[in-house]
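Participant: First the structure, then my questions, so here it is.
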Amino acid sequence: MASIRIIKPGLLTTVQDLGRWGHQASGVPVAGPMDPYAHRLANLLVGNPENAATLELTLIGPELVFEQAATFALTGADLGPRLDGRRLPTNTVCQAEAGAVLAFGGPRRGARSYLAIAGGLQVPAVFGSRATHLISAMGGLSGRALRAGDRLQSGPVTGRVPRQGWRLPPIVPLPEGGAVLRVRPGPQAEYFTDEALRTLESARFTISTRSDRMGYRLDGPPLTHARGADIISDATPLGVLQVPASGQPILLMADRQTTGGYPKIATVITADLALAGQLAPGDWIGFRVCTLREALRALIEQERPFVQS
Amino acid sequence: MTVMPLVPPGGFRIVEAGDSALVVEFEDRVDPGVNARAIACARAVAAARHPGVRDVVPTYRAVAVYFDPLRTDLASLGALLEREGAQPAPAGTGAQAPIEIPVCYGGTLGPDLAAVARHAGCSEDEVVERHTSQVYRVYMLGFIPGFAYLGLVDERIAMPRHATPRVKVPARSVGIAGRQTGIYPSESPGGWQLIGRTPIAPFDPTRPRPFLMQAGDAVKFVAIAPAEYARLAGETGTR
């Protein structure tokens, strides 16, 4: 058991686990980490179950103090972490003494970092999940991003905690300024012209500043509808590209609504969601259609660290 | 130009939505029978507890099945969806006795009632009369926790949503958007025409049954006076 206290909250710091699954039929959004892979890796490093709650840190990390000694790890983006001024490696088991201050700064790579503490962060589970959903103010710490003065406890350590310095090199590289994401066409690819599908694969889109945990608005050449821009509302999966009447696609991310009324041209494969979650406003995105076989192979390849340990 | 339907009348199809979701689609129209078929299909798929399935989400005319691709036998999940998708519409529409929801119409609680009356070319009382005379079907929940899409609203009062949505709609506001009506469970942005407010929370995580409505339910609105609204709101702890 240990506690941390937030000195500065950073740009957007939220408690996340793997999400609130099983209640979308009642309109309850899933939420969860923007980079689920990095979240799981962080928990694996400190000996937590992969669904334990971590902190998702966005672009500008927080400043926080460990009030008791704790084992922790940082994965995903490199936001320039320092413990009492000493530069820390990412993807590595670290140890903090009581009173040590974790801060971030300097050049960054990637957009979202995950801080796991051995024992997992203890906040009340809502519908079985500790994930923060900002719009509906559900889960996490009072359903909101962390503020200065907030205190979070970690739970009792049940499993074996890996030794300090153990490192798990990530299989998914961090993007540099942009990334090509692999997609599967659908669920409403027929609602678009053939031209739109070609544009999707050939164009480079830019993530707009009006992007958040719900979704990335993409600027680029418009994607043209063939059967109108409205559908009877249906479910909106993670990583789907919905296209409103403007033709400018929106990539739906962790905090997406459960349903939507725009046609969806394609869906990012699960293996590339980690890459998507590490992109920031201003970064470019390209899309490439792949086979289902390629999608599943990529996913199996990514699972190696979890299978071996 | 005639657009060919993607699903024939009475039929269904299964479409991929990425590598971790399949969608069973029924006829592409808002219809109680089609919706009842989607809801029955969703219940059967959820009840099968297929290994790897994370969530089953019925909507107006489709069922999304979310699964973990590494823990799901796609062939057997596909077979389950083929089997349940092919089931005929259940007898009746599955609706029980309607859930009665009290609403205080107009005034500060329903700021768009006058506009809806103007749109319909009738009195405010007549809008209330038409809104309360219908038994609505809960076609689906979505948007935010506990938001139920109810239909169909009487054509005369079916005013389209605001061109520019309000930044803040108070919780428990009752609105109209075309032939849909619904209650905002929590304060949120929204573009629906607000005609009243209910003292009953559609979603309250502290209740044994957090959600007032689920897909397939029948709902009827009952007009109440401001004094009755205040009394009920006091009892339920809402304001």
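Participant: Against the longest principal axis of chain B, how steep is helix B:124-133, in degrees 0 to 90 to the nearest 10, with axes from Cα atoms?
Facilitator: Roughly 40 degrees between the two axes.
Participant: Cα centroid distance between the stretch B:159-209 and the stretch A:283-309, in Å?
Facilitator: Going from one Cα centre to the other spans 40 Å.
Participant: Counting each pair of different Cα atoms once, what's the Kirkwood radius of the stretch B:13-85 in Å, rounded to one decimal?
Facilitator: 12.0
Participant: Helix A:292-302 sits at what angle to the longest principal axis of chain A, using alpha carbons and giving 0 to 90 degrees rounded to 10?
Facilitator: 10
Participant: Shifting gears a bit: Over chain A, calculate the relative contact order: mean separation of alpha carbon pairs under 8 Å at least 6 apart, over the residue count, as a percent. Don't skip to the end; give the middle numbers.
Facilitator: Numbers: 851 pairs, mean separation 62.7, N = 309.
Over chain A, the number comes to 20 percent.
Participant: Please compute the Cα-Cα pair-distance distribution of chain A with 10 Å bins starting at 0, giving whole percents from short to long.
Facilitator: Histogram of Cα-Cα distances, whole percents per bin: 6, 28, 34, 21, 8, 2, 0.
Participant: Related question: Check which residues have an amide H placed less than 5 Å from B:Asp55's amide H, if you skip close sequence neighbours.
Facilitator: Residues meeting the amide H criterion: B:Tyr66.
Participant: Given only helices, namely DSSP H runs of n ≥ 4 each adding -39500 (n - 2.57), what is the per-residue ellipticity at 222 nm of the protein assembly as shown, to the nearest 500 deg cm²/dmol? Walk me through the intermediate numbers first.
Facilitator: On the way: 10 runs with 97 residues, N = 548.
Mean residue ellipticity at 222 nm (helix-derived): -5000 deg cm²/dmol.
Participant: Place +1 on the Cβ of every Lys and Arg and -1 on the Cβ of every Asp and Glu in the stretch A:3-154, take the dipole about the Cα centre, and give the residue among A:Leu74, A:Gly128, A:Val46 whose Cα lies farthest towards its positive end.
Facilitator: Farthest along the dipole direction, towards plus: A:Leu74.
Participant: Next up: For the stretch B:96-239, take the alpha-carbon Rg, divide it by the Kirkwood Rh, and send me Rg/Rh.
Facilitator: Working: Rg = 13.9 Å, Rh = 14.9 Å.
Across the stretch B:96-239, the Cα-based Rg/Rh ratio is 0.93.
Participant: Can you give the accessible area buried between chains A and B, summed over both chains, with a 1.4 Å probe, in Å² to the nearest 100?
Facilitator: Working: alone 13230 and 12100 Å², together 22020 Å².
Protein heavy atoms only, the A-B interface buries about 3300 Å².
Participant: Using a ≥ b ≥ c from the Cα gyration tensor of the stretch A:43-102 (square roots of the eigenvalues), is it rounded, prolate or oblate, where a/c under 1.5 gives rounded and otherwise the larger of a/b and b/c decides, a/b for prolate?
Facilitator: Values: a/c = 1.57, a/b = 1.15, b/c = 1.37.
Oblate shape, in that a/c is at least 1.5 and b/c is the bigger or equal ratio.
Participant: Over 5 Å intervals from 0, what percent of Cα-Cα pairs in the stretch A:178-308 sits in each interval?
Facilitator: 2, 11, 22, 24, 20, 13, 4, 2, 1, 0
Participant: If you roll a 1.4 angstrom probe over the protein chains with everything in place, what fraction of the accessible area of the stretch B:156-239 belongs to carbon and sulfur, to the nearest %? Each step should come with its number before you reach the end.
Facilitator: Details: 2270 of 3850 Å².
The computed percentage sits at 59.
Participant: When the expected Rg is taken as 2.2 N^0.38 Å, what fraction or multiple of it is the alpha-carbon Rg of the stretch A:3-154?
Facilitator: Numbers: Rg = 14.2 Å, N = 152, 2.2 N^0.38 = 14.8 Å.
Normalised by 2.2 N^0.38 Å, the Cα Rg of the stretch A:3-154 equals 0.96.
Participant: Can you compute the equivalent ellipsoid semi-axes for the stretch A:121-201, i.e. the square root of 5 times each eigenvalue of the Cα gyration tensor, sorted largest first and rounded to whole Å?
Facilitator: Numbers: eigenvalues 292, 108, 38 Å².
Value: 38, 23, 14 Å, ordered largest first.
Participant: Give a quick list of trypsin sites (Lys or Arg not before Pro) in the stretch A:115-209 that DSSP marks as loop, anything other than H, G, I, E or B, with at most 15 other Cβ atoms within 10 Å. All intermediate terms of the calculation are to be shown ahead of the outcome.
Facilitator: On the way: sites: A:Arg130, A:Arg144, A:Arg147, A:Arg151, A:Arg160, A:Arg163, A:Arg167, A:Arg182, A:Arg198, A:Arg204; in loops: A:Arg130, A:Arg147, A:Arg160, A:Arg163, A:Arg204.
For trypsin sites (Lys or Arg not before Pro) across the stretch A:115-209 that sit outside H, G, I, E and B with at most 15 neighbouring Cβ atoms in 10 Å, the list reads A:Arg147, A:Arg160, A:Arg163, A:Arg204.
Participant: Suppose we keep just the alpha-carbon trace of the protein assembly as shown; what are its Rg and Dmax in angstrom?
Facilitator: 24.3, 75
Participant: Let me ask something additional. So, for the protein assembly as shown, what is the accessible surface per residue at a probe of 1.4 Å, expressed in square angstrom? Can you show the working numbers first?
Facilitator: Values: 22020 Å² over 548 residues.
For the protein assembly as shown, the per-residue accessible area is 40 Å².
The values are calculated or read from the model by the stated rules, or taken from the named source; none is laboratory data. Small disclaimer: the values here were computed from a predicted structure and weren't measured. Positions of Cβ are backbone-derived with ideal geometry, glycine not excepted, and every protein chain shown enters the neighbour counts. Note: accessible area is taken over every heavy atom of the protein model, side chains too, but ligands, DNA and RNA are not part of it. Shrake-Rupley method; radii C 1.70, N 1.55, O 1.52, S 1.80 Å.
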